[in-house]
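The values are calculated or read from the model by the stated rules, or taken from the named source; none is laboratory data. On a predicted model such as this, the values are computed, not experimentally measured, just so you know. Reconstructed Cβ throughout: ideal geometry from the backbone, glycine too, with neighbour counts over all protein chains shown. These accessible areas exclude ligands, DNA and RNA; they are computed on the full protein's heavy atoms, side chains included. Shrake-Rupley method; radii C 1.70, N 1.55, O 1.52, S 1.80 Å.
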Amino acid sequence: MLSWIFPNTCQLCGALSETTLCPECLASLTRVPKPVCMYCGAPVAGNQADPYHCEACRNKPRPFTFARSALYENDTTLGLVHDLKYHKHTHLARALAPALAELWESNHVLADTADWALAPVPVTKRKLFSRGYNQAEELAEELAKLRPMPIIQPLQRLNTGIRSQTNLSATERMRNAYKAYALLPEYAEGTRTLPPNVLILDDVYTTGATTRACAHALRQAKGVRNIGIITLLRVQ
């Protein structure tokens, strides 16, 4: 009765839809243009000398196996992620999860490895209290319904005194991020081990500072072999 009285409609076009985005609008969202750097997933020129490292990541340490993003930055995709992250539109996680699931179709490491475990990037207790949810966890729960895999929580977000990475330079982001993420004690002490293949999941990849720091922390644990990074949005 409620569905009949208050039918679900697409947030973008207003058409009747089972989720917040109808299939047509979901398909129209801008994907990351190809070709991409085989390491960090950034769009690159097709004739670059090293397909496995773009100019931005060639001389950086490599704590993860690969990084990929589902959507590319524009007003529409930024608005959707902003609503999910800051406006309590958690229903968008279900609507946008299929875009993350598409990454398996274009990445042979994802497709050929069957035993991935999802590790959503944690947030501070302050943010969790003020928002009431972690958007990365919301995405992980919906993605795991489409690509069945366990969700693990091996990381903790420490308080560095800086509330947001948004207004920091790339160097400042990296320095702050490496202080902000650490293994939970049971993983750091070795009483629990990580599965061999871990996928770090976050909402946005900008400089990669957050996910790179999470991957660096996971490398300190026993058991891990491959660390992949998937994010909903790539921001240049």
Of the residues in the range 99-132, those that are part of a loop (DSSP other than H, G, I, E, B) and within 20 Å of Ile152 (Cα to Cα) number 8
Of all helices (runs of 4 or more DSSP H) completely enclosed by the range 1-98, which ones contain at least 3 residues that are at pLDDT 95 or above and open to solvent by less than 30 Å² (accessible area, probe 1.4 Å)? 75-86
Of all residues in the range 187-206, how many are over 18 Å from Ala144 (Cβ atoms), of a type in the set (D, E, K, R) and modelled with pLDDT of 95 or more? 0
Taking Ile162, is it modelled with pLDDT under 90 and open to solvent by 10 Å² or more (accessible area, probe 1.4 Å)? yes
Hey, could you check the range 216-236 for residues that are of a type in the set (A, V, I, L, M, F, W, C) and touching a Lys or Arg at 6+ places or on another chain (Cβ under 9 Å) and say which is nearest to Leu183 (Cα to Cα)? Ala221
Taking the range 180-211 and keeping only residues that are part of a helix (DSSP H, G or I), touching a strand residue (DSSP E or B) at 6+ places or on another chain (Cβ under 8 Å) and open to solvent by less than 10 Å² (accessible area, probe 1.4 Å), one is left with Ala180, Thr211
When restricted to Asn134, Asn226, Asn159, the only residue in contact (Cβ under 8 Å) with a residue 24 or more places away in the chain and either among the aromatic types (Phe, Trp, Tyr) or in contact with a Pro (Cβ under 9 Å, 6 or more places away or on another chain) (or both) is Asn226
Just to be sure before I move on: is Thr171 assigned to a loop (DSSP other than H, G, I, E, B), open to solvent by 40 Å² or more (accessible area, probe 1.4 Å) and at pLDDT below 95 in the structure I sent? no
